[in-house]
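First the structure, in the form of structure tokens, and then the observations on it.
The values are calculated or read from the model by the stated rules, or taken from the named source; none is laboratory data. The shown structure was predicted, so the numbers you read here are calculated from the model rather than taken from an experiment. With ideal geometry, Cβ positions are generated from the backbone for all residues, glycine too; neighbour counts draw on all protein chains shown. For accessibility, only protein heavy atoms count, side chains too; no ligands or nucleic acids. Shrake-Rupley method; radii C 1.70, N 1.55, O 1.52, S 1.80 Å.
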Amino acid sequence: FSAVATPPEASRIVLVNRPNSPQSFILGGEVTPFSANDDAIVDLTNANNALGGNFLARLNMNLRETKGWSYGVRGGPSINEGAVAYFVQAPVQADRTGDALAEIIKEVGEFVTTRGVTDEELTRNVNNEIRQLPGQFETSGAVLGAMQRNVLFDRDMDYYEKLADTYRAQTAKSLDDAARAAISADRFVWVVVGDAEQVRPQLEQLGLPIETIEAQ
């Protein structure tokens, strides 16, 4: 990246019309103020494990396990050399597209305001991150990949050796601070691919600007 994209001032929806689609695909994203070698990236990544990073994360448990509107919802930071973005994606029932997006917006908004990381989530996710570290370096290719990322992101070569201690030092507050610094729930650009005739009336209930384009 030679330049970082300018975040939009407010959320909007881009609806990609795919007639007769039995489900919709929701993708939302925003550019964060973080850089790839920011120390808070580890906190952001583990904070996201409570929100969208794994099966037990809130977004998946809500839309898949509780509501039954999606087979799976995931969210997380996309770390690149010149920018760090945050994305959420979810395939959902066509007739629940608007409801599903409303739930995603609500979950993200509450997570970075009133319902941050709980003690149970902190303990579970710190333990998970530490215990899976050894398995990430089982092959020479994996080790080489880690070295390449260290060079790309201008990290010290002992970065991964220190990760376990970094996780152990995390607190609910440190994770909340990272998430709230990175994620602005009212600045997502939402791309929804689905049957516009069925989906647009649902999305209009959210009160966000909608641009409709035809699928190529």
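Tabulated data
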read-out	value
Area accessible to solvent at PHE25, 1.4 Å probe radius, in Å²	80 Å²
Two-decimal Rg to Rh for the chain - Kirkwood Rh, Cα set	1.00
Electrostatic dipole magnitude of the chain [Cβ: Lys, Arg +1; Asp, Glu -1; Cα centre; debye, to 20]	340 debye
Cα centre as origin, Lys/Arg/Asp/Glu Cβ charges: region 114-216 dipole, Debye	280 debye
Computed over region 46-146: relative contact order in percent, which uses C-alpha pairs under 8 Å that are six or more apart	22 percent
R0 of 35 Å, Cβ-Cβ distance ALA181-GLU214: FRET efficiency to nearest 0.05	0.40
Solvent-accessible surface ranking, highest first, for SER11, SER78, SER140 at 1.4 angstrom	SER140, SER78, SER11
Candidate residues TYR159, TYR167: accessible-area rank, largest first, probe 1.4 Å	TYR159, TYR167
Accessible area expressed per residue, region 108-179, with surrounding protein chains retained (probe 1.4 Å, Å²)	60 Å²
Among beta bridges that DSSP assigns inside the chain, antiparallel share in %, nearest 5	65 percent
Amide H contacts under 5 Å for LEU15, placed H, 5+ residues apart	VAL192, GLU211, THR212, ILE213
Most positive-pole-ward Cα, GLY116, GLY68, THR212, against dipole of region 64-216 from beta carbon charges	GLY116
Table column - 3J(HN,Hα) (Hz), region 146-151, Karplus curve with 6.51, -1.76, 1.60, x for Gly and Pro	5, 5, 5, 5, 4, 5
Karplus 3J(HN,Hα) series, Hz, for region 37-48 with 6.51 cos²θ - 1.76 cosθ + 1.60 (x for Gly, Pro)	9, 5, 4, 6, 4, 5, 5, 4, 4, 6, 4, 5
Sequence-distant residues sharing a close amide H with ARG74 (under 5 Å, placed H)	GLN89
Shape call, region 48-121: gyration tensor on alpha carbons, a/c limit 1.5	oblate
Per-residue [θ]222 nm for the chain (sum of -39500 (n - 2.57) over DSSP H runs n ≥ 4, rounded to 500)	-11000 deg cm²/dmol
Cα gyration tensor, region 75-118 - rounded (a/c under 1.5), prolate or oblate	oblate
Under the Debye formula (equal points on every Cα, no solvent term), log10 I(q)/I(0) of region 99-190 at q = 0.11, 0.16, 0.25 Å⁻¹	-0.47, -0.87, -1.15
Integer Hz, Karplus 6.51/-1.76/1.60 couplings in order for region 67-79, x for Gly and Pro	8, x, 9, 9, 7, x, 10, 9, x, x, x, 10, 9
Protection-proxy order for peptides 190-196, 46-52, each taking the mean of Cβ atoms within 10 Å per residue, highest first	46-52, 190-196
Estimated FRET transfer efficiency (ALA10, GLN205; beta-carbon r; R0 22 Å; 0.05)	0.80
Prolate/oblate/rounded label for region 157-216 (Cα gyration tensor, a/c 1.5)	prolate
